[in-house]
Amino acid sequence: MKDLSVVIITKNEAKNIEHCLASITTISSDIIIIDSGSIDDTKLICNKYPVRFINNTFIDYSTQKNYGNQFTKNNYILSIDADEVLSKELMQSINAISFNNNNNKAYSFNRLNHHCGKPIKYTGWYPDKKLRIWNKHFGQWEGTIHEKIVFKEKPEISHLKGDLLHFTYTSKNEHIKQAKKFSKLNAKSDYLKGKKTNMGLAYLSCATRFIFIYFFKLGFLDGKTGLFIAKTTAHASFLRKKELLNLTKNK
């Protein structure tokens, strides 16, 4: 197997985790699962595979992922979510890499997002470039909501062929619920940064967001799904501004 470890954070991912694990056991024998209290069959499914299943209280995404990194046997890590699967082409690209634990290299690839099972090629959802393989001694995760890898020294980055398949949102209601959740989290982050807004900006943000996604990002080419994504994203932008306004008023 490659000198590559894999870290996955989970909570109630029974519907997704098996497809994810089936795709990564071909590239790594060192797979770390950091679970934050699953009450479904996540652990039972994971134990069917050669993984180390570790429980840890969830604080935020970066903290959880960095916690998992310390248990890896290799310096090079692939970070993947439970609802993501390596395409065959991406597996081949990763298997072709010769990892040197002393090098500061990183690897990116495109992510193809699926909405209710349908691949989305427009709306700004593709190619959705992600950097997910790197040497843990040169970078770590930072950020509480939209986490990213921050490096001590700029790495040499190579872009791999093949897509990471992301099976997000199995229903429209799930998408709406998640959009509302992140609207509140983003509004809180904006508030802590001292940002201000008003209802006029909230409506303007909603309108411009829809136009940008549906027209400029060619969302209309994704049909009814593209329209739904544009509307849901635009409404989430409105809710973010509205929630920020409420936080400011209740200061």
Would a scan of the stretch 189-197 turn up a residue that is acidic (Asp, Glu), outside the structural domain of SER87 (by TED's automatic domain parsing) and not in a strand (DSSP E or B)? yes
For ALA22, all conditions in the list (1) out of contact with any Asp or Glu (no Cβ under 8 Å at 6 or more places or on another chain); (2) surrounded by 15 or more Cβ atoms within 10 Å (Cβ to Cβ) hold save one; what is the number of the exception? (2)
Considering the stretch 171-225 alone, what residues qualify as being out of contact with any helix residue (DSSP H, G or I) (no Cβ under 8 Å at 6 or more places or on another chain) and within 22 Å of ILE145 (Cα to Cα)? ASN173, GLU174, LYS177, GLN178, LYS181, LEU185, SER189, LEU192, LYS193, GLY194
Out of everything in the stretch 98-135 that is touching a residue at least 60 places away in the same chain (Cβ under 8 Å) and part of a strand (DSSP E or B), what residue ends up being nearest to HIS166 (Cα to Cα)? HIS115
Across (1) assigned to a loop (DSSP other than H, G, I, E, B); (2) crowded, with 20+ Cβ neighbours inside 10 Å, LYS15 clears everything bar (2)
Given (1) surrounded by fewer than 13 Cβ atoms within 10 Å (Cβ to Cβ); (2) part of a loop (DSSP other than H, G, I, E, B), identify the lone condition not met by PHE215. (2)
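Scan the stretch 122-137 and tell me whether some residue there is touching a helix residue (DSSP H, G or I) at 6+ places or on another chain (Cβ under 9 Å) and surrounded by fewer than 18 Cβ atoms within 10 Å (Cβ to Cβ).
Checked the stretch 122-137: at least one residue is touching a helix residue (DSSP H, G or I) at 6+ places or on another chain (Cβ under 9 Å) and surrounded by fewer than 18 Cβ atoms within 10 Å (Cβ to Cβ).
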Hey, does the stretch 35-50 have a residue that's among the aliphatic types (A, V, I, L, M), in contact with a helix residue (DSSP H, G or I) (Cβ under 8 Å, 6 or more places away or on another chain) and under 24 Å from TYR76 (Cα atoms)? no
Contacts under 7 angstrom Cβ, first residue in the stretch 30-46 being free of Cβ contacts under 8 Å to residues at least 40 places away in the same chain and more than 14 Å from ASP81 (Cα to Cα), partner part of a helix (DSSP H, G or I) and of a type in the set (Val, Ile, Thr), 6 or more apart: ILE45/ILE17
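The values are calculated or read from the model by the stated rules, or taken from the named source; none is laboratory data. Source: prediction; values computed, not measured. Ideal geometry is used to build each Cβ from the backbone, glycine not excepted, and the neighbour counts take in all protein chains shown.
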